[in-house]
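Asker: This is the structure, below, for whatever I ask next.
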Amino acid sequence: MRAIVLEKFGGLDSLVYRNVPEPEPLLGHATIQVKGFGINHAEMHMRRGEWAEAAPISGIECVGLGKSCPGGEFPVGAKVAALMGGMGRTINGSYAEYTRVPVSNVALIDADLPWAELAAIPETFATAWTCLFRNLELQKGQLLVIRGATSSFGQAALKLAANAGARIIATTRSRERFAILEKLGAARCEIERRDLSQHLPEAKRVDAVLDLVGNSVLLDSLAMLRRGGRSCLAGWLGGLDPVPDFNPLLQMSSGVYLTFFGSFAFGTPGFPLSDVPLREIAADAVAGRLDVKPARIFRFEEIREAHRVMEARTRRPGRWSLSAADTCRLCIWEDSYVGIGGHRDGSEPGNRPRDGGASGTRFFGLGACGPKSY
């Protein structure tokens, strides 16, 4: 089969085209004929040798057709999506004609959409949906603040939350982006700032916060919540510096929940990919209720150009992002495409979230005079 192989660590010339053996059927795994995939910043770091793990064939997500599944979990020929489960890290990933993935990291996605659009869904939308409807338990009519909403992950979350009937306040660093976010479903936009809770009329009445800015505003996000409100930390657009001298007793608001989610959890016990309604998300896209079109599409032969564009975006002032799912969309194969839209799985080399906390974990503050449980 044809594949893009990481021949060495380094620049764009590290990605070379090779003919390699197809993966053999394996119990507990599904072999997928890759029709498209999103490219991710994690893959850029793997290419450079800056990541702790890197397989010879990169790519941490894809869509395609099932070729084999010895356990019968998925029918041959079915449209499927796959993500994580070691793809591109400990096992060969999606930069190839075929890939083999643990069945716990595969889901049906049989929608009548072009492969380029299907490939824009898996990583970003699966993570956004999990943060909104599992960690935050978002309900229709609730008030949600999305901090860092112009990121690809933020926009996906905004679309999903708007479709679910939430009232959304979206933050960005530029007023020029207000119109874009309002068009996607934001009821109002605010300029992102570290002390936003002190300037928000709805402070102490917010039901949920999706925090993609990260540690620099973690406490401020908690401060705007009502009692019983929830904040989900899922991105680090503001950098990875830790919360200075964090002391929940003195700094954490009483009666609120702090949760975390990273997409590396998908496929682990408690986080099966089957929990995410990817088929319904794709069906919403078919019906026109959800826009999943990638901002840019590349052919399989243009992988170096796609990585070049991703790196250029990363170097732009103000455009650096580090979130639990901020994927650059690359959609590929034969007449397939490589599409750009914005992933990072919440980690920077040497600072992987899995080294810190478990996804879905809640921290509940009971008040300044009393026990804390977590």
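The values are calculated or read from the model by the stated rules, or taken from the named source; none is laboratory data. This is a predicted model, so every value here is computed, not measured. Every residue, glycine among them, receives a Cβ derived from its backbone with ideal geometry; neighbour counts consider all protein chains shown. Accessible surface areas use protein heavy atoms only, side chains included; no ligands, DNA or RNA. Shrake-Rupley method; radii C 1.70, N 1.55, O 1.52, S 1.80 Å.
Asker: How about region 1-44: which of its residues are in a helix (DSSP H, G or I) and under 30 Å from residue 272 (Cβ atoms)?
Answerer: Passing the criteria: 41, 42, 43, 44.
Asker: I would also like to ask the following. Given the criteria more than 30 Å from residue 80 (Cβ to Cβ), at pLDDT 95 or above and in contact with a Leu (Cβ under 7 Å, 6 or more places away or on another chain), does residue 182 qualify?
Answerer: No; evaluated as a whole, the condition is false for this residue.
Asker: Within the set of pairs 6+ apart or on separate chains, which have a first residue in region 239-250 that is at positive phi, a second that is open to solvent by less than 80 Å² (accessible area, probe 1.4 Å) and modelled with pLDDT of 85 or more, and C-beta atoms under 8 Å apart?
Answerer: If the second residue must be open to solvent by less than 80 Å² (accessible area, probe 1.4 Å) and modelled with pLDDT of 85 or more, the pairs left are 239/214; 239/215; 239/216.
Asker: Considering every residue within region 33-55, establish whether at least one is farther than 25 Å from residue 308 by Cβ and buried (at least 17 other Cβ atoms within 10 Å of the Cβ).
Answerer: Yes, region 33-55 has at least one match.
Asker: Moving on. Scan region 50-61 and give yes if some residue there is farther than 21 Å from residue 281 by Cβ, in contact with a Leu (Cβ under 8 Å, 6 or more places away or on another chain) and of a type in the set (S, T, N, Q), otherwise no.
Answerer: Yes, there is a match, as at least one residue in region 50-61 is farther than 21 Å from residue 281 by Cβ, in contact with a Leu (Cβ under 8 Å, 6 or more places away or on another chain) and of a type in the set (S, T, N, Q).
Asker: In this structure, does residue 278 turn out to be open to solvent by less than 40 Å² (accessible area, probe 1.4 Å) and not basic (Lys, Arg)?
Answerer: Yes, satisfied.
Asker: Which residues, counting only those in region 19-44, are touching an Asp or Glu at 6+ places or on another chain (Cβ under 8 Å) and modelled with pLDDT under 95?
Answerer: Listed by number, the residues that qualify are 37, 38, 40, 41, 42, 44.
Asker: Could I ask something else about it? For region 65-75, state whether one or more residues are surrounded by fewer than 20 Cβ atoms within 10 Å (Cβ to Cβ) and of a type in the set (Ser, Thr, Tyr).
Answerer: Yes, the conditions are met somewhere in region 65-75.
Asker: Residues of region 1-47 being in contact with a Lys or Arg (Cβ under 7 Å, 6 or more places away or on another chain), closer than 26 Å to residue 151 by Cβ and not hydrophobic (A, V, I, L, M, F, W, C), which ones?
Answerer: Of everything in region 1-47, those that are in contact with a Lys or Arg (Cβ under 7 Å, 6 or more places away or on another chain), closer than 26 Å to residue 151 by Cβ and not hydrophobic (A, V, I, L, M, F, W, C) turn out to be 38, 40, 41.
Asker: Could you grab me the full set of residues in region 144-163 that are among the aliphatic types (A, V, I, L, M), open to solvent by 10 Å² or more (accessible area, probe 1.4 Å) and within 12 Å of residue 186 (Cβ to Cβ)?
Answerer: Residue satisfying the conditions is 162 alone.
Asker: Same structure, new question: Scanning for something open to solvent by less than 30 Å² (accessible area, probe 1.4 Å) and more than 20 Å from the chain's Cα centre (by Cα), does region 133-140 turn up at least one residue?
Answerer: Looking for residues that are open to solvent by less than 30 Å² (accessible area, probe 1.4 Å) and more than 20 Å from the chain's Cα centre (by Cα), one finds none in region 133-140, hence no.
Asker: Please give the strands (runs of 3 or more DSSP E) falling wholly within region 45-147 in which 2 or more residues are among the β-branched types (Val, Ile, Thr) and modelled with pLDDT of 95 or more.
Answerer: So the answer is 98-102, 143-147.
Asker: Across region 150-191, what is the number of residues that are farther than 19 Å from residue 234 by Cα, β-branched (Val, Ile, Thr) and not in a helix (DSSP H, G or I)?
Answerer: Qualifying residue count, region 150-191: 1.
Asker: If I go through region 285-308 residue by residue, how many of them are crowded, with 19+ Cβ neighbours inside 10 Å and more than 22 Å from residue 11 (Cα to Cα)?
Answerer: Residues that pass the stated criteria total 4.
Asker: For residues that are closer than 14 Å to residue 131 by Cα, open to solvent by 20 Å² or more (accessible area, probe 1.4 Å) and among the hydroxyl-bearing types (Ser, Thr, Tyr), tally how many sit in region 231-271.
Answerer: Result for region 231-271: 1.
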